[in-house]
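Structure, as structure tokens:
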Amino acid sequence: MSESADRPVILVVDDTPENLVVIGECLMADYQVRVANSGQRALELANTLPRPDLILLDIMMPGMDGYTVLGRLKADVNTSQIPVIFVTALGATEDEAYGLNQGAADYITKPVKPAIVKARVQTHLQLKQARDILHDKNAWLEQEVERRVEQYHKLQDVVLRALACLAEVRDNETGNHILRTQAYVRELAMEMATLPRYAEVLTAEVIDAYAKAAPLHDIGKVGIPDNILLKPGKLTPEEWVVMMTHAQIGADAIVRAIQLEPDQEALSFLHDAIDIARHHHEKWDGSGYPDHLKGEAIPLSARLMALADVFDALISKRTYKDAYSLDQAEAILLQGRGQHFDPDVVDAYLRRREAFARIAAKFAERPPEGTAGAQS
């Protein structure tokens, strides 16, 4: 690259050739100088790469005056940040004020004095350089903040899945159960968000929160004794009473984890996790547990989780049962519509059944041989 290519570019605009010569000769030793003798030509050169770092602009020109040129420059995103110094014979205070209000950076009065021109140009180039550096630094900081936030969310997701896997490992269920049910919940929520009655509730942020919270639905199983959790056969009525406490155990554990945190809003997804952990075994007709909630008294997040969890249990092999086909699982979901499940959630599943099939295939895995399965 030549030395001249590294020098700032100054555009000088004046309809009088003598003025162009005087200002050009004053600046050309230190800068790359372009000249224009009309407003239209000035706009063309202002958009020629490399764009000017500074423009010296005459006001009183035929056709398009300096005020009009300045307005066009400021209206163009490519030239709006180029500082403009008016060079004019107008000396009235109101003229100067008008130009500055229009966006001019400074004024130089005619006849021009080379020393003043050089000083003003140098000052405004230094200011522009400082602004450019600040802009670039701010842009870098914004990108860095976005990168760190993305890293934080990824770490947060991984930690949540790791916690959820503690329950899954004790339960001897496959680890991909977490990924499948999380994806099912997201699909159901996205589909229900297309319905007018849910559109305002199921925003993108809420859907993300539901999906983020879903892996913690069975975290309470860590509190269930092994002889019940890992029992290969059916549970006795007394054992079922103990098994059902996992919903309360999970919800209470999350409550204890966050109750002393001052910024509860930042933990809103964990409030969804509390609802999901406690209520994903509630049933639409009120026959579920632990609180026997009925209908829309069951939190929406838990109603979505209920179908996702049951669907995945149906299509997954356990030691006490074979995996059901997708058609068999769907038939059971339809049978439970309005009894076990929210009818709107079942209908959302039916519209997303192909997505469910893709998720089931993508995260399918075979449980290790010889392991015991828990009751769902």
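Select one label from (1) 34, 27, 17; (2) 36, 21, 18; (3) 73, 21, 19: the one whose number is semi-axes √(5λ) of the Cα gyration tensor in Å as derived from the coordinates shown. Looking at semi-axes √(5λ) of the Cα gyration tensor in Å for this model, the match is (3). Taking other residues whose beta carbon is less than 12 angstrom from the beta carbon of Leu43, and scoring Lys, Arg as +1 and Asp, Glu as -1, yields +2.
Among residues other than Gln264 with Cβ under 15 Å from its Cβ, the summed charge is -4 (Lys and Arg +1, Asp and Glu -1). Working note: 222 nm ellipticity from helices only, DSSP H runs with n ≥ 4, each -39,500 (n - 2.57), summed and divided by the residues of the chain, gives -18000 deg cm²/dmol to the nearest 500.
Loop sites here are GluC sites (Glu not before Pro) outside DSSP states H, G, I, E and B with no more than 10 other Cβ atoms within 10 Å. The longest part of the chain free of them is 4-199.
Where the only charges are on Cβ atoms (+1 Lys, Arg; -1 Asp, Glu), what is the dipole of the range 255-366 about its Cα centre, to the nearest 20 debye? Before the final figure, lay out each step's value.
On the way: 15 positive and 19 negative charges, 111 e Å.
So the dipole magnitude of the range 255-366 works out to roughly 540 debye.
Averaging the sequence gap over all C-alpha pairs within less than 8 Å and six or more residues apart, then dividing by the number of residues, gives the chain a relative contact order of 12 percent. Karplus-based coupling profile of the range 290-296, in residue order and whole Hz: x, 10, 6, 5, 10, x, 6, with θ = phi - 60° in 6.51 cos²θ - 1.76 cosθ + 1.60 and x standing for Gly or Pro. Given +1 at the Cβ of Lys and Arg, -1 at the Cβ of Asp and Glu and no other charges, the dipole of the range 211-264 around its Cα centre is 180 debye to the nearest 20. Which residue, Leu216, Ala139, Val77, has the largest displacement toward the positive end of the dipole of the chain when charges sit on each Cβ (Lys, Arg +1; Asp, Glu -1)? Comparing the listed Cα positions along the dipole, Leu216 ranks first.
Solvent-accessible area of the chain (1.4 angstrom probe, protein heavy atoms only): carbon and sulfur portion equals 56 percent.
Quick one: helix 237-258 against the long Cα principal axis of the chain, what's the angle to the nearest 10°, folded into 0 to 90? Between helix and principal axis, roughly 20 degrees.
The trypsin sites (Lys or Arg not before Pro) of the range 184-238 meeting both criteria, a DSSP state outside H, G, I, E and B (loop) and at most 12 other C-beta atoms within 10 angstrom of the site's C-beta, are Lys234.
Between the listed residues Val201, Leu11, Ile59, the Cα displaced farthest toward the positive end of the dipole of the chain, a dipole computed from Cβ unit charges relative to the Cα centre, is found at Val201. Accessible area per residue was computed with a 1.4 Å probe on protein heavy atoms; Asp218 scores about 10 Å². Helix 353-362 and the long axis of the chain differ in direction by around 90°, with both axes built from C-alpha atoms. Using the Cβ of Val13 as centre and a radius below 13 Å, the other residues enclosed give a net charge of -2, where K and R count +1 and D and E count -1. Relative to the longest principal axis of the Cα atoms of the chain, the long axis of helix 114-171 makes an angle of roughly 0 degrees.
Take every DSSP beta bridge with both residues inside the chain and express the antiparallel ones as a percent of the total, to the nearest 5. For the chain, the DSSP antiparallel bridge percentage is about 5. Only Lys, Arg, Asp and Glu carry charge here, each on its Cβ (+1 for the first two, -1 for the last two); on that basis the chain has a dipole of about 680 debye about its Cα centre. Projecting the Cα atoms of Gln248, Tyr289, Leu230 onto the charge dipole of the range 204-299 (Cβ charges, centred on the Cα centre) puts Leu230 farthest toward the positive pole.
The values are calculated or read from the model by the stated rules, or taken from the named source; none is laboratory data. In this text the structure is predicted, and so the values were computed from the model without any measurement. So basically every Cβ, Gly included, is an ideal-geometry build from the backbone, and we count neighbours across all protein chains shown. With ligands, DNA and RNA removed, areas are computed over all heavy atoms of the protein, side chains included. Shrake-Rupley method; radii C 1.70, N 1.55, O 1.52, S 1.80 Å.
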